[in-house]
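The values are calculated or read from the model by the stated rules, or taken from the named source; none is laboratory data. All values reported here derive from a predicted model rather than from experimental measurement. All Cβ positions, even for glycine, are placed from backbone atoms using ideal geometry, and neighbour counts span all protein chains on display. Just so you know, the surface numbers come from the protein's heavy atoms only, side chains and all, with ligands and any DNA or RNA stripped out. Shrake-Rupley method; radii C 1.70, N 1.55, O 1.52, S 1.80 Å.
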Amino acid sequence: MTDPADSTDPGGATGTTSLTTEFERVELPLKTPFTISRGTQHTADNVVVRIEDGEHVGVGAAAPSRHYGETAATVEAVLPDLLAAVEAVGDPLALDAVDARLDRVVERNPAAKAAVRIACCDLAAKRLDVPLYRLLGLDGSRTVTSSFTVGIDDPERMAEKTRDAVDAGYSVLKTKLGTDDDEARLAAVREAAPDARLRVDANEAWTPREAVRNCAWLAEYDVEFCEQPVPADHPEGLRYVYERSAVPIAADESCVTLADVPRIADACDIANVKLMKCGGPRQAVELFHAARAHGLETMLGCMIETNAAIAASVHLAPLLDYADLDGSLLLDSDPYDGVPMPGGDIDLSTVDRPGTGARRS
Ligand SMILES: [Mg+2]
């Protein structure tokens with residue numbers, strides 16, 4: 001412990017302190033099964049992390065994705081070592097030092113690291129009594145509207161889900177495609193939401209030639225952009241589609257870490273970042289700046305996540321061209337409340353609590 005008499009910070013906001021940490025797996029049932037081109041999900045296993053300094057509790061969560069090699073079990077396996085590293089640093093504001101230590105503990109495991117880093121950012125902001133976006137120096141008046149996602153189903157059911165979303169006030173929708181009859185599905189969605197801004201996510205389902213053909217009719221349905229039309233392990237395919245597509249192309253599975261940004265720069269229009277892919281809020285900020293430097297637009301997405309994680313993403317809205325932060329809305333119930341997003345609208349000026357704003361519901 002630093003002797004308070006030696007501290008240059010009269011408020012005691014900085015310096016080492018004794019931290020305690022814990023984590024807990026939460027199994028979150030979905031409202032309805034959620035289907036994308038790769039399969040159907042009925043529940044989401046998240047792992048909630050808490051870091052306490054004796055006065056404040058920082059909260060974060062991991063929403064691991066098998067697609068990126070993580071499960072709740074792999075998160076739980078590395079969290080003891082990651083949290084020991086946070087305790088060893090012992091300074092909730094020393095986020096650079098924490099980041100470096102975490103990267104030395106394990107090389108990858110981005111969802112596990114994201115949980116820890118969200119909790120650290122939440123705790124740091126709570127110690128300074130500011131919302132997370134203020135800790136990051138972001139302009140809270142810059143705003144964006146999140147999309148609401150309609151999963152794959154038969155066309156009638158997709159139209160019904162779309163009407164429900166429109167009735168609930170959502171003006172920006174994203175629909176999953178990658179089926180044997182994508183155009184019928186998209187037509188049903190568009191008919192149910194004629195005025196909505198509409199995006200499409202194929203989750204790697206198409207070949208490059210198919211994608212170019214499909215993007216031609218996506219344009220006829222006034223689709224704003226198409227996300228990840230082709231497999232991520234086919235970078236030339238993504239470029240082929242980008243150079244010929246009638247709608248802008250977003251890279252999601254092709255855009256995981258900072259090192260991917262220069263690789264996708266000439267193969268898409270939009271970089272879709274997720275905390276669970278890149279490993280934390282400040283890592284996402286790095287990706288956004290790199291994306292801009294490479295002439296890309298920015299998007300922030302999510303997995304199916306509790307608000308204990310999503311709330312942190314919402315604070316990055318000022319850096320975004322597009323937001324897709326509906327992960328908690330797909331849950332039957334969420335143990336945490338986050339930042340309210342009525343109709344998908346993000347308004348950080350309404351955030352009236354320090355940290356990410358996540359708290360037990
Ligand atoms: Mg996607």
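Looking only at residues in region 281-320 that are in a loop (DSSP other than H, G, I, E, B) and within 21 Å of VAL351 (Cβ to Cβ), which one is nearest to the ligand (Cβ to nearest atom)? My answer is GLY301. Look at region 206-224: where a residue is within 19 Å of GLU253 (Cα to Cα) and at pLDDT below 95, no partner that is open to solvent by 40 Å² or more (accessible area, probe 1.4 Å) and among the β-branched types (Val, Ile, Thr) sits 6+ places away or on another chain with Cβ atoms under 6 Å. Out of ASP345, ASP321, ASP337, one residue alone is open to solvent by 30 Å² or more (accessible area, probe 1.4 Å) and free of Cβ contacts under 8 Å to residues at least 40 places away in the same chain. It is ASP337.
Among residues of region 235-262 that are over 23 Å from TRP217 (Cβ atoms), those with a Cβ under 6 angstrom from a residue that is open to solvent by 30 Å² or more (accessible area, probe 1.4 Å) and more than 14 Å from the ligand (Cβ to nearest atom), sequence gap 6+ or separate chain, pair up as LEU258/GLU286; VAL261/HIS294. Among the residues examined, VAL230 qualifies as within 14 Å of the ligand (Cβ to nearest atom) and either open to solvent by less than 30 Å² (accessible area, probe 1.4 Å) or modelled with pLDDT under 95 (or both). For ARG199, state whether it is away from the ligand (no atom under 13 Å from the Cβ) and either at pLDDT below 95 or among the basic types (Lys, Arg) (or both). Considered against the rule, which asks whether it is away from the ligand (no atom under 13 Å from the Cβ) and either at pLDDT below 95 or among the basic types (Lys, Arg) (or both), ARG199 comes out as no. From the set of residues in region 246-275 that are surrounded by fewer than 22 Cβ atoms within 10 Å (Cβ to Cβ) and among the small types (Gly, Ala, Ser), which is nearest to the ligand (Cβ to nearest atom)? Among those that are surrounded by fewer than 22 Cβ atoms within 10 Å (Cβ to Cβ) and among the small types (Gly, Ala, Ser), it is ALA267. Being more than 25 Å from the chain's Cα centre (by Cα) and aliphatic (A, V, I, L, M) is the filter here, so list the residues in region 219-236 that pass it. Within region 219-236, ALA219 is the sole residue that qualifies. Within region 167-181, the set of residues being open to solvent by 10 Å² or more (accessible area, probe 1.4 Å) and within 26 Å of the chain's Cα centre (by Cα) comprises ASP167, ALA168, GLY169, TYR170, SER171, LYS176, GLY178, THR179.
Just one residue in the set ASP139, ASP195, ASP164 is open to solvent by 60 Å² or more (accessible area, probe 1.4 Å) and free of Cβ contacts under 8 Å to residues at least 12 places away in the same chain; that residue is ASP164.
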